[in-house]
1. If the elastic network links every pair of Cα atoms under 10 Å, which of 198, 215, 52 fluctuates the most in the Gaussian network model of the chain?
2. First check a/c for region 82-265, with a ≥ b ≥ c the square roots of the eigenvalues of its C-alpha gyration tensor; if it is under 1.5, answer rounded, and if not, answer prolate when a/b is larger than b/c or oblate otherwise.
3. For region 1-76, rounded, prolate or oblate, judged on the Cα gyration tensor with a ≥ b ≥ c (square roots of eigenvalues), a/c < 1.5 rounded, else prolate if a/b > b/c?
4. By its C-alpha gyration tensor, with a ≥ b ≥ c as the square roots of the eigenvalues, how is region 46-119 shaped: rounded for a/c under 1.5, else prolate for a/b larger than b/c, else oblate?
5. I want the antiparallel fraction of DSSP beta bridges within the chain, as a percent rounded to 5.
6. For a bin width of 10 Å, list the pair-distance distribution of the chain built from all Cα-Cα distances, rounded to whole %.
7. Take each of the peptides 71-83, 249-261, 108-120, average the number of other beta-carbon atoms within 10 Å over its residues, and list them starting from the highest.
8. Say we join alpha carbon atoms closer than 10 Å with springs in a Gaussian network model of the chain; which of 285, 230, 239 then has the biggest fluctuation?
Ligand SMILES: [Zn+2]
């Protein structure tokens, strides 16, 4: 099993291609770090144009489809074991409580990348009238649909130009989804058209500016295209019709360095304030300091051991 996994990773590595910056579409990377946690040559870089940290090489087309259908569930252990499953359930309850404290009761929700379905399940339990999830991942969706009984409320699809909803959600959530998308700006623009104009968009991403010594090398993952900070996320929101109203940083819990933003649509006449330009060299040094490639706890030796056991 392990041998076939390593072989598949090697094949994926051969088919990685140059990728433009997910933030601005330019192709002007300054290299930070070459290999990801699976030894794939992803070229973690800073965009010289917009300062977003991103993978300058990565998955595309058939290779991407093969990765997500065959490798991702194994690498990420989806569906998780019972103990981890309970952790996801607790996180969803925590998220629901945190988010409700800011946005109130929204009555309608779209959860993009609904995963195992626990957040939607919490919304349903709190009497949301309309709730819909999008989840392309098979094992996760099966859990949401069958185990939690969410049925047709979870669609087997990504957000794209064909997505139509039977309601305009007052709350749209993306928990650890935006960093996976090659064109996150387009996703935000689509959400802007689909949601209630008075609604809330709540996004969670890993915070590259946080401290993540326990993650170390594990932070660099072929499926994470963008490595946002509050500044680069705010720039993306502003460029796509949103403004950030609240930021929340959590050192631990959901993720080591979890960034949550609560955003709303701009009124048509509202001018957007350009955020301060991020300090590209600072972030580069910050990342290099925390990737300890030879660490037995979270460096390459540990990853080799884990891959051999999968
Ligand atoms: Zn860029």
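Read-outs: derived from the displayed coordinates by stated rules, not from any lab. None of the values given here were measured: they were computed from a predicted structure. Backbone-built Cβ (ideal geometry, glycine too); neighbour counts: all protein chains shown.
1. In this elastic network of the chain, the residue with the biggest mean-square fluctuation among 198, 215, 52 is 198.
2. rounded
3. On the way: a/c = 2.66, a/b = 2.06, b/c = 1.29.
Here region 1-76 falls in the prolate category.
4. Taking the square roots of the gyration eigenvalues as a ≥ b ≥ c, region 46-119 is oblate.
5. Beta bridges within the chain, antiparallel portion: roughly 65 percent.
6. In order of increasing distance, the bins hold 6, 26, 36, 25, 7, 0 percent.
7. Highest to lowest by the protection proxy: 108-120, 249-261, 71-83.
8. Among 285, 230, 239, the largest mean-square fluctuation in the Gaussian network model of the chain belongs to 285.
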